[in-house]
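Input: a single structure, listed below in C-alpha cells.
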Amino acid sequence: MSMKSKFICYALIALTLIFCFIPGTGIFANPFLSDNKKTTYAPPPVYGGGIDYFIRMQFEYREKVAQYLRRIKDAEPGGVFLMFITVSFLYGLFHAAGPGHRKTVVFSLFISRHAKWYEPASAGFLSSSVHAGTSIAVILILFLIQETVVSLSDSENVYAVMEGITFIALALISVFLIINVIVKLNKSGASSAEKKDGLYSVVIISSLVPCPGATMLMLLSLYAGLLWSGIAGVLAMSMGMGVVISLAGYLAYTGRIGFFFRLKEKEHAMIKLSAVLEIVSFVIILIFSLLMSWPFIKSVISPVAL
Amino acid sequence: MKRNLTFMLVLCIILSASFLHSHPHVKITSTITFDFNGTTCEGCRVQWMFDDYFSASMINDFDKNRDGVFDEKELNNLYNGGFINLKNYGFFVFLRKNSVRTNPEKVSEFRAWQKERKLFYSFYITFYNKTYSDDFYLAVFDRSFYCAAFYGAPAVIINQKQGVSPVYEITSNKKYPVFYNPAGAADDMTVYKKWKPGLETAYPDEIHVYFRN
C-alpha cells in the first residue's frame, strides 16, 4: 500500500474512533434498541423490496453455522469442525450473493481498466478478507476495551459509523480519480486505464467496514466461549464471499475484453472509449457512495434524539 | 460502435445498480393468533421467534444473571431498551381493510422468554374500533429492512368464542405496496401513504382473514 493509502486508512480508523467515543453519541442501526439519552446517526439506506432466494438461503446457512457451533461447544466427536468450516464457506457464498458487499465497487473498477486475468480474483478475495477481518478486529478491540462480552448495539454503532465514513472517503476518492482521468486525457491523450495504481487501495478502503454477518458470527462464538472457532468460521465465510465478489469483477473483466476485442483495430477510439468507461465507472462509484452515505451525513449535520 | 458503447454503458449501470441493495440482518418468524367473538375480531396476539444470532445478542444484553429467564427487572429493561422503540416502526405490523392501511399505535401484554437458546417476543393488539372483523389483511414487515419477516408453522391460530371460524390465506400483495424512504435520516419514521419521488416500494406478504359465505 502506498503512503497515501496508508494515511487514508489511518484517517478512517481515527474518525471512526472519534465518532464512536464522543460522549452521549450513539447510533442505532437496530430498530429494537432505544436509549433516550443518546443522539443517533443513521445507518446506510436500504434499497430492497422483499425476501428473495438468496436471503432465504443466507438465513438457512446462517442457522446451520449456529447449529454446528453449538455442536462444537458440546464437544461432539467426528468432523463437526470441518462441517462448521464448510457451512461457513457456503454461508459466505449466499451472504455475498445477496445485496451489498462492494460488488458495485469491484465491478466498476474492472469495467474501467485493463487487468491481468488473476486480478479480479485478487481484488475479490482482498475485499472479502478486509471486510471480514475488520469484523474480527472491531469485535476484539471492543472486547479488549470493555473487558466484557461485546453487546450487539456497540458493534452496530461501529458498523454505522464506519459505513458512513468509508462511503464519504470513497466519494472523495472517486472525484479525485475522475479529475485525474480528465487531466491525463487532456495532457497526453492517453487514458490512465493502463495503470494499476489505486486499484487495491480503493478495494481496501471501500472494504474497511465490518461485515454484519461476520460480526454476528463473531458475537455468537464469543457468547459461546469459542473465539477461535468463530475466527476460523469468519475466515471460511470470507473465502465464500471472495468467490462471489471476484465473479462480479470477472463479469466486468470479460465484458470489457469482449468489447475492446471488437475495437482492436481502432486504437484512437479505444483510448477515448477507455477513458469514457473509466469516468463512467468512477461516476457510478461516486453516486453509489453518496447514496449510501447520505443518511449518515444528514444525521451528522443534525443529530437527533429518539 | 455507438451501439456498442451504449450497450456497455447500459450494462454497466444496470449491473452496478443490481448490486446496490441491502440485506436484512435478523430473521423473525411470526405466529399470529386472532381472537374472534362471532364475526368480530377483538384483537390479535403477535408472537415472534428470533434467529440464534439476534437471540444470543439480546439474551447477552438483557438476561444479566444468565439464568435463562427474564425476571421482572430484566423484562422491564428489555421492554424499554429492546422493544418499545418499535412503536416508531408500527411494531412491524401492517393492517389493511380494502385500500386503507394502518399500523398499531400501541400494543399491550408484552412478554419475552427464552426457549432452546432462542428469544421469543409476544404482544397484543386490540382492535378497539371493530373495523377488522371480516375480510381484512395483516402483514408483518420491517420497512427498515433490518429484519426479514417470515411466517411460522402455524402462521395463524384462530380463537373463536362463538359461531363459525373465519379462514385465512397468505397472499402476495401486488396492489397495495408499502412506501419507505431509503435515504431517510435516523429520525425518519414517517409512514408514507402515497408514493412520491425518492420513495422505494415493497410488497409484503399478507395474511388475509375472511369468512366463507
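The values are calculated or read from the model by the stated rules, or taken from the named source; none is laboratory data. Nothing here was measured: the structure is a model prediction, and the numbers come from that model. Quick reminder, even Gly has a Cβ in these numbers, built from the backbone with ideal geometry, and neighbours come from all protein chains shown. Areas reflect the complete protein model, heavy atoms only, side chains present, ligands, DNA and RNA absent. Shrake-Rupley method; radii C 1.70, N 1.55, O 1.52, S 1.80 Å.
Quick look at the values:
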| read-out | value |
| --- | --- |
| Within the accessible area of region B:9-210 (1.4 Å probe), percent carbon and sulfur | 52 percent |
| Cβ-defined net charge surrounding A:Cys211, 12 Å radius [Lys, Arg +1; Asp, Glu -1] | 0 |
| Heavy-atom accessible area ranking, 1.4 Å probe, most first, across B:Lys196, B:Lys64, A:Lys298 | B:Lys64, B:Lys196, A:Lys298 |
| Entries of A:Lys298/B:Lys73; A:Lys103/B:Lys115; B:Lys87/B:Lys175; A:Lys103/B:Lys194; A:Lys64/A:Lys298 with Cα pairs more than 30 Å apart | A:Lys298/B:Lys73; A:Lys103/B:Lys115; A:Lys103/B:Lys194; A:Lys64/A:Lys298 |
| Surface accessible to a 1.4 Å probe, A:Arg71 within the full protein complex, Å² | 90 Å² |
| Additional length obtainable on full extension of the chain from B:Lys161 to B:Arg66, 0.36 nm per residue less Cα span | 30.2 nm |
| Solvent exposure ordering (accessible area, 1.4 Å, most first) of A:Trp117, B:Trp48 | A:Trp117, B:Trp48 |
| Cα Rg, Dmax, region B:9-210, angstrom units | 18.4, 64 |
| Within-12-Å neighbourhood charge of A:His131 [Cβ basis; K, R +1; D, E -1] | +1 |
| Candidates per GluC sites (Glu not before Pro) in region B:83-172, loop by DSSP, up to 16 other Cβ within 10 Å | B:Glu105, B:Glu116 |
